[in-house]
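The values are calculated or read from the model by the stated rules, or taken from the named source; none is laboratory data. All values reported here derive from a predicted model rather than from experimental measurement. Reconstructed Cβ throughout: ideal geometry from the backbone, glycine too, with neighbour counts over all protein chains shown. Remember, those area values only see protein heavy atoms, side chains included, never the ligands or the DNA or RNA. Shrake-Rupley method; radii C 1.70, N 1.55, O 1.52, S 1.80 Å.
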Amino acid sequence: MALYEVTTDNFTRIAQTSFDQVGLRERTDLQRLLKKQIDVILPNTLVITEEFGEWMEGTLAYVINQHDGRVALYTIRAEVYDELHAHRQEIETAFGETLSWTRRDTGKTSRIAFDVTAGGYKDEANWPTIQAAMIDAMVRLEKALSPFISQLRR
C-alpha cells in the first residue's frame, strides 16, 4: 500500500524503502523507538519488554495500559506458537490459570497472554498491588513456558 504526504493542496507519494536502506535494524532500533514512543501506534500504553536473552523466536513482554495490564509471549513465527500450543494444557496447568492464545500466520504476531486486571498506570494509588500482580504473572508465565522453549532451542 502506498503512503502519501498530504498538504492543503497536494498529495505526494512517499517512496518505498526498507529498514536496511535507511540503516535501521528492525529488532533493535524499532523496539527501542517503540518502547520510547509507543503512542505513535497505541495511545495511552506503556510497554516494558523482557526477552529470553539471545532467543530470537519470541519476546516476553509486560504491557501496561491505563487501567489494566498484560504479560505475554509474542512471536512472529507461527510454528513456534503451534509447538507451544500443542502443550497448552501443560502450560496452563503450570501457570495456574487459563491463558489467552492468539495465533496469526507467520510474519504476524501471535501471542500467549494473561490479562492482569489489578489496574494500570493511571491507578497510581494501586501501583504496589499492580506491580506485584504483574511480576507474579510474568514469573509464572516464564516458568510455565521455559521447559517448552528449551525444547524449541534445540
Task: Surface per residue (accessible, 1.4 Å probe) for the chain, Å² - done: 67 Å²
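Output the peptides 123-135, 74-86, 4-16 sorted from most to least packed, where packing is the average of other Cβ atoms within 10 Å over each peptide's residues. List each step's numbers first, then the result.
On the way: 123-135: 13.7, 74-86: 16.8, 4-16: 8.2.
Most protected by this proxy first, the peptides run 74-86, 123-135, 4-16.
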TODO: Please list the radius of gyration and Dmax for the chain, considering alpha-carbon atoms only, with Å as the unit.
DONE: 18.3, 60
Open item on the list: Considering only protein heavy atoms and a probe of 1.4 Å, how much of the accessible area of the chain is carbon and sulfur, as a whole percent?
Closed with: 52 percent
Task: Highest-MSF residue in the chain out of Val40, Val139, Val63 [GNM, Cα springs under 10 Å] - done: Val40
TODO: Can you find, among Gln16, Thr102, Val63, the residue farthest towards the positive end of the dipole of the chain? Put +1 on the C-beta of Lys and Arg, -1 on that of Asp and Glu.
DONE: Gln16
Open item on the list: At 222 nm, what value in deg cm²/dmol follows for the chain if DSSP H runs of at least 4 each add -39500 (n - 2.57) and the sum is divided by all its residues, to the nearest 500?
Closed with: -9500 deg cm²/dmol
Open item on the list: Can you return the aspartates and glutamates within cross-link range of Lys35? Criterion is Cα-Cα under 16 Å, with same-chain partners fewer than 8 residues away left out.
Closed with: Glu26, Glu50, Glu51
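Quick one: net charge around Thr93, please, counting Lys, Arg +1 and Asp, Glu -1 for every other residue with C-beta under 13 Å from its C-beta. If you can, show how the numbers build up before the last one.
Values: positive: Arg88, Arg140, Lys143; negative: Glu90, Glu92, Glu97.
Local net charge: 0.
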